[in-house]
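Below you'll find the structure, written out as structure tokens, and then a few comments.
The values are calculated or read from the model by the stated rules, or taken from the named source; none is laboratory data. Worth saying up front: this structure is predicted, and the values here are computed from it rather than measured. FYI the Cβ positions are ideal-geometry reconstructions off the backbone, even for glycines, and counts take in every protein chain you see. Accessible surface areas use protein heavy atoms only, side chains included; no ligands, DNA or RNA. Shrake-Rupley method; radii C 1.70, N 1.55, O 1.52, S 1.80 Å.
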Amino acid sequence: MSPFSILYKFVMQFRNHLYDIEYKPVFRFDTKIISVGNLSMGGTGKTPFVEYVIRFLIERGYSNKVATLSRGYGRRSKGFRLANDHDLPQTIGDEPFQIYQKFKDHVTVSVGEDRVLAIPSIIYEHPENEVIVLDDAYQHRSVEPNFSVLLTDYNSIFYKDYVLPSGTLRESRMGAERADVVMVTKCPPDLGQDEMQIIRDNISIYTDKSVFFTTIKYKEAVAAMNRRQARKRIILVTGIAYAQKFKEYLSQERFEIMKHFDFADHHVFNSKEINAIERLAEQENADIITTEKDWVRLMSMPELGESFQNKLFYIPIMVQFLEDEESFHRILEDSIIRVE
């Protein structure tokens with residue numbers, strides 16, 4: 001570790017200590033709070049897991065009693081905002097917009113940088129909500145959740161990582177002890193029991209809480225504007241943190257990737273890029289495939305022509321447990337639903 005990483009580590013440890021002893025204020029709410037977050041800088045699959053929690057709560061009878069709260073990374077607006085039908089990714093962020101598009105009939109979707117101010121606003125505007133799901137709030141110590149889920153990517157598990165700038169951790173590995181469960185995400189579907197036990201043993205150095213393993217389940221390609229199936233000859237467009245697994249999945253499904261436009265996470269597309277992608281798709285007689293998160297950004301662009309839209313497809317994804325899904329449900333119910 002570099003001297004800068006050591007300094008950053010101790011600064012974060014001291015900050016956490018101030019919250020632990022409540023020298024820095026910690027706010028508690030009667031409304032139940034679920035926190036989903038990570039120790040590292042993005043890429044652990046928070047949005048699919050937030051969607052998983054939303055579906056679980058709706059199935060348990062919490063339709064129209066759930067709110068989500070995100071920072072709204074990349075949005076052009078500021079402050080607290082409740083999502084509505086006039087919003088776009090530019091006003092609330094691509095991931096909250098994606099959640100709103102899917103669950104607007106069942107869930108209140110909101111954004112706000114300051115959770116302490118945003119949560120009372122949600123409660124005031126929607127007093128019927130009984131649960132608020134915080135997206136990417138693991139380091140927001142000023143709010144005490146009823147249930148905290150720590151996500152860690154199988155390809156970069158936190159105990160193998162280092163704090164910034166030597167690694168990608170926002171705080172030291174010891175931060176894992178605040179979690180109620182640890183979720184190892186993006187695992188290979190055939191992950192064996194022996195390797196699971198090795199991972200559990202390593203995580204147990206930092207926390208004694210339950211460890212679960214999930215993978216990404218890809219669904220069939222969905223057309224943006226038409227009902228036909230996607231051609232196997234494609235142009236791949238991504239603006240996510242780690243696109244390699246997505247690319248590997250498409251190759252396994254026998255898609256022929258003519259070119260991969262690989263942009264940074266939360267990339268804001270422009271007209272020049274759109275024109276270049278469309279020209280290449282025309283030349284190669286190919287369709288355009290992207291992620292669901294990128295799809296919502298692309299479809300919100302007024303300059304996106306009908307020709308581009310007719311070639312555009314996206315691949316929805318869902319979280320799938322490798323084992324013990326019911327055990328996780330029981331832990332969540334005991335911590336949130338059954339506690340009055």
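Taking the residues in the stretch 151-177 that are over 19 Å from the mean Cα position of the chain (by Cα) and outside any loop (DSSP other than H, G, I, E, B) as candidates, determine which candidate is surrounded by the most Cβ atoms within 10 Å (Cβ to Cβ).
Per the criteria, the residue is Val163.
So Thr44 ticks every box in (1) assigned to a helix (DSSP H, G or I); (2) of a type in the set (S, T, N, Q); (3) buried (at least 23 other Cβ atoms within 10 Å of the Cβ) but one. Which box is left unticked?
Just one mismatch for Thr44, condition (1).
Looking at (1) over 17 Å from Val149 (Cα atoms); (2) in a helix (DSSP H, G or I), which one does Gly74 not meet, given that it meets all the others?
Failing condition for Gly74: (2).
Within the stretch 123-140, count every residue that is of a type outside the set (Gly, Ala, Ser) and closer than 25 Å to Tyr19 by Cβ. Can you show your working first?
Kept after step one, since they are of a type outside the set (Gly, Ala, Ser), are these residues of the stretch 123-140: 123-136, 138-140.
Among the residues that remain, those that are also closer than 25 Å to Tyr19 by Cβ are: 123, 131-136, 138-140.
Count: 10.
Could you tell me whether the stretch 66-76 includes any residue that is of a type outside the set (Gly, Ala, Ser), at positive phi and surrounded by fewer than 16 Cβ atoms within 10 Å (Cβ to Cβ)? Don't jump to the end; show me each part of the working.
Going through the stretch 66-76, the residues of a type outside the set (Gly, Ala, Ser) turn out to be 66, 68-69, 71, 73, 75-76.
Narrowing the set further to residues that are at positive phi leaves none.
Checked against the condition, which is being of a type outside the set (Gly, Ala, Ser), at positive phi and surrounded by fewer than 16 Cβ atoms within 10 Å (Cβ to Cβ), the stretch 66-76 yields no hits at all.
Might you check whether a residue that is at pLDDT 95 or above, open to solvent by less than 70 Å² (accessible area, probe 1.4 Å), of a type in the set (Lys, Arg) and outside any helix (DSSP H, G or I) occurs anywhere in the stretch 97-105?
no
Keeping to the stretch 298-340, report how many residues are under 20 Å from Gln101 (Cβ atoms) and either in contact with a His (Cβ under 8 Å, 6 or more places away or on another chain) or assigned to a strand (DSSP E or B) (or both).
7
Given (1) touching a strand residue (DSSP E or B) at 6+ places or on another chain (Cβ under 8 Å); (2) open to solvent by less than 70 Å² (accessible area, probe 1.4 Å); (3) at pLDDT below 95; (4) not in a helix (DSSP H, G or I), identify the lone condition not met by Lys9.
Failing condition for Lys9: (4).
Taking into account only those residues within the stretch 254-281 that are open to solvent by 50 Å² or more (accessible area, probe 1.4 Å), in contact (Cβ under 8 Å) with a residue 24 or more places away in the chain and farther than 22 Å from Gly74 by Cβ, which is nearest to the chain's Cα centre (by Cα)?
Applying the filter and picking the extreme gives Lys259.
Every residue, every condition in (1) over 29 Å from Leu322 (Cα atoms); (2) modelled with pLDDT of 95 or more; (3) in contact with a helix residue (DSSP H, G or I) (Cβ under 8 Å, 6 or more places away or on another chain), yes or no:
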residue	(1), (2), (3)
Ile205	no, yes, yes
Phe212	no, yes, yes
Lys219	no, no, no
Met225	yes, no, yes
Gly239	no, no, yes
Leu250	no, yes, no
Phe261	yes, yes, yes
Phe269	yes, no, yes
Asn285	yes, yes, no
